[in-house]
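The values are calculated or read from the model by the stated rules, or taken from the named source; none is laboratory data. The shown structure was predicted, so the numbers you read here are calculated from the model rather than taken from an experiment. Counting neighbours? That spans all protein chains shown, and the Cβs are built from the backbone with ideal geometry, glycine included. Protein only, heavy atoms only, side chains kept; ligands, DNA and RNA dropped before computing areas. Shrake-Rupley method; radii C 1.70, N 1.55, O 1.52, S 1.80 Å.
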Amino acid sequence: MTIYHSVTDLIGHTPVIQLHKLDTGVCELFLKLENQNPGGSIKDRVALSMITEAEKSGRLKPGGTLIEATAGNTGLGLALIAAQKGYSLILVVPDKMSREKIFHLRALGAQVVLTRSDVGKGHPAYYQDYALRLSKSIPDALYIDQFNNDANPLAHASTTAPELFDQLGGQVDAVVVGVGSGGTLGGLQAWFRQHSPATEFVLADPAGSILADRVETGRHGNPGTWLVEGIGEDFIPPLAHIEQVRTAFRIGDGEAFATARELLKVEGILAGSSTGTLLAAALRYCRAQTTPKRVVTFACDSGNKYLSKMFNDDWMRQQGLLSRPAVGDLSDFIALRHDEGATVTASPDDTLAAVLNRMRLYDISQLPVLEEGQVVGIIDEWDLVRYVQGDSERFTLPVTAAMTRSVELLDKRAPEQALNAIFDRGQVAVVVDDRQFLGLITRSDVLTAWRNRRPQQ
């Protein structure tokens, strides 16, 4: 058994798995598990390469400060290695990044600066412009600049590509990749051009990104928006050499997330949102072929960074990417349904401490109190404040001591307008069916339901 002496020694040499339970047509489809890197993503390779090259060139001194703009995974790789080598790290990230990534970055000691994700290059709040400006304001800080750093594609030309080629016995007909900084595509292309020039590169691009347009027409219009993290751009990354790609697939958020969820369900692989995009494109490519090909794509990062987002049914419904069949009554507005086991409730004999813990755990401010499936009260944060009044001993008392007993119940068959009076009083709607509790409706739930009535683009 090999014994390693640094977590950085574990970067690379990730396994490849052939997918057998998804419809790949006449093709063989392989997935290189870059989520097995110690930082959980393919960007560990890039981070190690960029820091190593900066040290070699003398641009990075012992104890120095690194600054980078990142959608997440490059930042995690940099944070991992910076912590090992004793560098300070400031990361400027767009505000659509998952909470898990932000928590992970901060736990590694990185300083995280959130900025807007709804603005483009040239805007002062755009994450790359922000990071560059920040680096100029801090003495001796080094802006890593993954988008223009030659050590980025070097990581893939020197490690990822030869690994992949060897693992597949030198038979790789097509590689499906996404583009964020462009380093993966550019580095793989450079190596395969010399060692396997017949290998085709296929672009997987989030719908809304401009890169697929550029592949297909040589030009592009204004970018849209997308929820997938880490890939897709509103400009052409110079490291990508995208002009050498001939085939591109646009993958919408819904298809990307559904594919990643299916990968977990049928193949047991927990991978992130960009993997869903790559895999969806790879499946489309494979199913379009009439002769067998060996196709490979990447599990770019781990899905444990997206448990609060694409693996969370409630979040998916809020984004309009998951829905139940409409039944035409108020139950259509309930985000968390009691009959699906999704609601958080209290029973009359629960302690107030237990209720407070439940509110904190699930990030909610009120709980219905149920007895045999029927609502006997409701308790919220104000009930707790009003009853406890600074006496911590009262947290040991049951919910019945503090709950509001007079609760207006709204039958699911009531008209939609009946919600207005409840919301005007600052309350949530407690919806029942013949007194059996169905769930709560908040103002946010109504707004989400109304928005999702619009066809998704």
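A few comments on the model shown:
- Shape class of the stretch 300-457 from the alpha-carbon gyration tensor: oblate, with a/c at 1.5 or above and b/c at least as large as a/b.
- FRET E, pair residue 137, residue 107, Förster distance 25 Å, beta-carbon r, rounded to 0.05: 0.45
- Paramagnetic reach from residue 360 in the stretch 392-410 [backbone N under 19 Å; point 7 Å along Cα→Cβ]: 392-399
- Think of it as helices only: each DSSP H run of n ≥ 4 in the chain is worth -39500 (n - 2.57), and spread over all residues that comes to -10000 deg cm²/dmol at 222 nm.
- Cross-link partners of residue 96 among lysines, defined as those whose alpha carbon lies under 27 angstrom from its own and excluding same-chain residues fewer than eight positions apart: 32, 43, 121, 136, 265, 305, 309.
- Relative contact order (percent, whole number), the stretch 1-119, Cα cutoff 8 Å, 6+ residue spacing: 19 percent
- Spatial separation of Cα centroids for the stretch 242-289 and the stretch 121-148, in angstrom: 31 Å
- The stretch 197-347 - percent relative contact order, Cα under 8 Å, separation 6 or more: 18 percent
- Counting DSSP beta bridges with both ends in the chain, the antiparallel % (nearest 5): 35 percent
- Cut-off 16 Å (backbone N to label point 7 Å along Cα→Cβ of residue 340), residues of the stretch 284-323: 308-323
- Structural descriptor for the chain: relative contact order 13 percent, calculated from alpha carbon pairs under 8 angstrom and at least 6 residues apart.
- The phi torsions of the stretch 119-135, fed into the Karplus equation with coefficients 6.51, -1.76 and 1.60 and a -60° offset, translate into couplings of 10, x, 4, x, 7, x, 8, 5, 4, 6, 5, 4, 5, 4, 4, 5, 5 Hz, rounded to whole numbers, with Gly and Pro shown as x.
- Helix 73-85 axis versus longest C-alpha principal axis of the chain: approximately 80°, rounded to the nearest ten.
- Gyration tensor (alpha-carbon) shape descriptor, the stretch 294-350, a/c threshold 1.5: oblate
- Relative to the current alpha-carbon distance between residue 289 and residue 418, full extension at 0.36 nm per residue lengthens the span by 40.9 nm.
- Of the accessible area of the chain, computed with a 1.4 Å probe over protein heavy atoms only, carbon and sulfur atoms account for 50 percent.
- Taking amide H as placed 1.01 Å from N in the peptide plane, the amide H of residue 200 sits under 5 Å from that of 174, 175, each at least 5 places away or on another chain.
- Taking amide H positions as modeled 1.01 Å from N, with prolines and chain starts lacking one, the residues under 5 Å from residue 69 and 5 or more places away or on another chain are 92, 145, 146.
- In the stretch 43-152, the convex hull through the Cα atoms has an average projected area of 6.2 nm², a quarter of its surface area.
- Here the Karplus curve 6.51 cos²θ - 1.76 cosθ + 1.60, taken at θ = phi - 60°, turns the phi angles of the stretch 348-364 into couplings of x, 9, 5, 7, 5, 4, 5, 5, 4, 4, 5, 4, 5, 4, 9, 6, 10 Hz, with x standing for Gly and Pro.
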